[in-house]
Structures are given as structure tokens and as C-alpha cells.
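Only the coordinates and a few stated rules stand behind these numbers; no lab work does. From a predicted model like this one, the values you see are computed outputs, not experimental measurements. Glycine also receives a Cβ, built like all others from the backbone with ideal geometry; neighbour counts cover every protein chain displayed.
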């Protein structure tokens, strides 16, 4: 199969590495996506173990399309719709990108839909219905430079939704973004990890599950199970291997999360319990300045308020000053990684960074900043 994976911006090369490790080949990275080839086993496996991808799309056709008519004809002629989409099955269409004359995604999606149902109508005098909530197929069209790429979306829900986080804070960090950021740190579970403001516990949960290669929660149903060439035997074999994977927590170092807001702290407790990790993650309900930890090295993380969604910028200056002083006084020799969406505030840490990596968090231009605490 030719497959495209959607990625958080800035994490493309980490998703590419993950796909290679899971068996993909001919892997290429682009902005917010990674393309690759794989066999059936690998395709099913990546749905169980990819911690960075949002979604996977199986490419079925590429064609030139510069106006409505060329799009209509190309969609109709480029794929065997009559075999893959019987009239009793439902579908819907998603469109991203644009061309000079196909600039409105809603009307472009209607053109794709019309091309398919007109074909069905001409052969069977019957047509598929559109379903937004429970489609059998989701057809995805991406437009760029008068070219179209037609794909089948493999799952209804985004894979970043792990199932352990019904309770979230006011400015939640997406699970796959947290996982990708952790990959950048190189943390492998052998050194202590402390999250100064753990929020709903996402960094902590992803740190454990990623390091121990815990499979994602299986979705109740994947859209690829409706595909004409779905191989149930290979799928069940891969699922069984994932379900039976032996997870050893014995070598994990100490993992601590701190949260000062009681409601958010309680949310984190619920999430960690739902993830089955309450015995491996220590939560402390306190200001981060109350943390005491005796270790010569380790990893400190923080995703503090930026003054964009939470808190006022001026009120946050003291928070950043206190954080910098606290770390230099108590965590000398450790690495500190900060997700910053406000460069004005990070200056108040009064610490010299050794690395700044651009990432996007919920549409906010951020930097994942590394400090070596002296």
C-alpha cells in the first residue's frame, strides 16, 4: 500500500522514524505529513503502535485536476468504485488544500460525491447515501498545484485520542504531540522524570506508554475493516500480538507529576487510573516549589501557561522567575525541557537554552526548549 500519515507540525521526522521501526519503507517526510509504503501486517500494526500520527490515509489515485469537470472525470475514472463502494454502503468526503479554480472545500467535496453517485446511478439506478456520523468509507481528497491525491481514511477517530483522557484541563496537550516531544528528549525510562505542572497527566502517561511500547487502546472498529481487500486473518494476528505484548514496568525510574489546581489534579488521577498506571506515576497536589528530589540527573518537563489561553502575561512573570530559581537551586545536573508559546516569558527564567525546536501546539507557534541546569 501507499500510505500517508498526518503529523503534528514539527514532529514529522519522529513520525517517520516510528514508521520505519514499525516496518514501513520508502518513507518520506513533508510538512505535517509522512508518506510510506507497507504491507498489510505493517499497516494494521501501525494503528496499534504509532504514538505520533493523527491519522492514516491509503492512497488510491493521483491525477491532474484544474477545474470542476476535470475533477469529476478524474474521480470517476481513477478507482474501481463499483467494487469498493456498493450502493448499500455509506460514505462521506473530506477535502484539504485547493487549486486556482477549486478553492472551496465544501463544493469540491460535493463534486467528488456527485462523480461517485452518478456512476453508481448509471450502472445500478441506485446510489449510496452520505453519512457524517457512521460512514462505511471516508474518502479524502488533497489538492495542490492542480493535482489531486485521492485516499481512503483508515479510522473514524483520530489516533491521538487514546481513551484514557475523558477528563482534561482547560488547555490540554494532545497526546500524540506530548509523545513526539518526549521522543525529542531521548528519555528512555532509566532516569527520573518530573513534570512541574502536569495538568491532566498527558506527559506522564505518554512517557510510560511510549518508553515501554504499550499499544494504543484498540478502536472498536476501524474503517479499513470495510475495505474490499481487508485481510481479517492478518489483522487478527497483528491485534493478538499487540494484545499479548508483555509489558515490563520493573526498570522504570521514578515518575512524578505536580499540580496545584485541585480540580485538575483530580482529573489527572482519573486519567492515570484509566490508563492503568496509578502504580507507576506519583502525583503530588502541591506547588512545584514543594517538590524535593534527590538525584544527580534526570529530566524535568513543563508546559506552563503562555498568557495566550490561560493566565495573563504580566501575572505570569513571577511564575517563570520562581521556576528558574527553583530549578537552579534544586535540580542542578538535570535536563529541563519547556514548551514555550511566549518568548517574552521564557526570558524571566534567566536560564540559557541549548536547543530550541519549533512546534505547533493547538495553532500556537511554540518552541520546545532544552536547558542544561547548572
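How would you classify segment 44-102 from its alpha-carbon gyration tensor, with a ≥ b ≥ c the square roots of the eigenvalues: rounded for a/c under 1.5, else prolate if a/b is greater than b/c, otherwise oblate? Show your work: numbers first, answer last.
Values: a/c = 2.47, a/b = 1.40, b/c = 1.76.
Oblate, since a/c reaches 1.5 and b/c is not below a/b.
List the relative contact order of the chain as a percent without decimals, with contacts defined as Cα pairs under 8 Å and 6+ residues apart. Before the final figure, lay out each step's value.
Numbers: 719 pairs, mean separation 55.9, N = 374.
It rounds to 15 percent for the chain.
How big is D, in µm² s⁻¹, for segment 246-374 by Stokes-Einstein at 10 °C and 1.306 mPa s if Rh is the Kirkwood radius over C-alpha pairs? Write out the running numbers ahead of the final one.
Details: Rh = 16.1 Å.
Answer, rounded: 99 µm²/s.
On a 0 to 90 degree scale, rounded to 10, what angle separates helix 175-185 from the longest Cα axis of the chain?
Taking the Cα atoms of the chain, the angle to 175-185 is about 60 degrees.
Mind ordering 99-106, 51-58, 33-40 by average Cβ neighbours within 10 Å, highest first? Intermediate results must be reported in sequence, preceding the final value.
Details: 99-106: 13.6, 51-58: 23.5, 33-40: 19.8.
Order by mean packing, descending: 51-58, 33-40, 99-106.
From zero up to wherever the largest Cα-Cα distance of the chain sits, split into 20 Å bins and tell me the percent of pairs in each.
26, 50, 22, 2
With contacts defined as alpha carbon pairs under 8 Å and 6 or more residues apart, what's the relative contact order of segment 1-93 in percent? Write down the numbers at each step before the final one.
Values: 120 pairs, mean separation 28.2, N = 93.
So the answer I get is 30 percent.
Could you calculate the FRET efficiency of residue 157 with residue 21 from 1/(1 + (r/R0)^6), where r is the beta carbon distance between them and R0 is 30 Å, rounded to 0.05? Show your work: numbers first, answer last.
Numbers: r = 23 Å, r/R0 = 0.78.
Once the sixth-power term is evaluated, E becomes 0.80.
Write down the Kirkwood hydrodynamic radius of segment 2-153, to one decimal in angstroms, obtained as one divided by the mean of 1/r over all alpha carbon pairs.
Averaging 1/r across every pair of different Cα atoms and inverting gives 16.3 Å.
When the expected Rg is taken as 2.2 N^0.38 Å, what fraction or multiple of it is the alpha-carbon Rg of segment 183-247? The partial results should precede the final answer.
Details: Rg = 16.4 Å, N = 65, 2.2 N^0.38 = 10.7 Å.
For segment 183-247, the normalised Cα radius of gyration is 1.52.
Compute the angle between helix 12-21 and the longest alpha-carbon principal axis of the chain, please, reported from 0 to 90 degrees and rounded to the nearest 10.
For 12-21 against the chain, the angle is about 80 degrees.
Helix 40-49 against the longest principal axis of the chain: what's the angle in degrees, Cα atoms only, rounded to the nearest 10?
Long axis of 40-49 versus the principal axis of the chain: about 30 degrees.
Sorted by packing (mean other beta-carbon atoms within 10 Å per residue), highest first, where do 312-321, 11-20, 73-82 land? If you can, show how the numbers build up before the last one.
Details: 312-321: 14.0, 11-20: 21.1, 73-82: 16.5.
In descending order of packing, they fall as 11-20, 73-82, 312-321.
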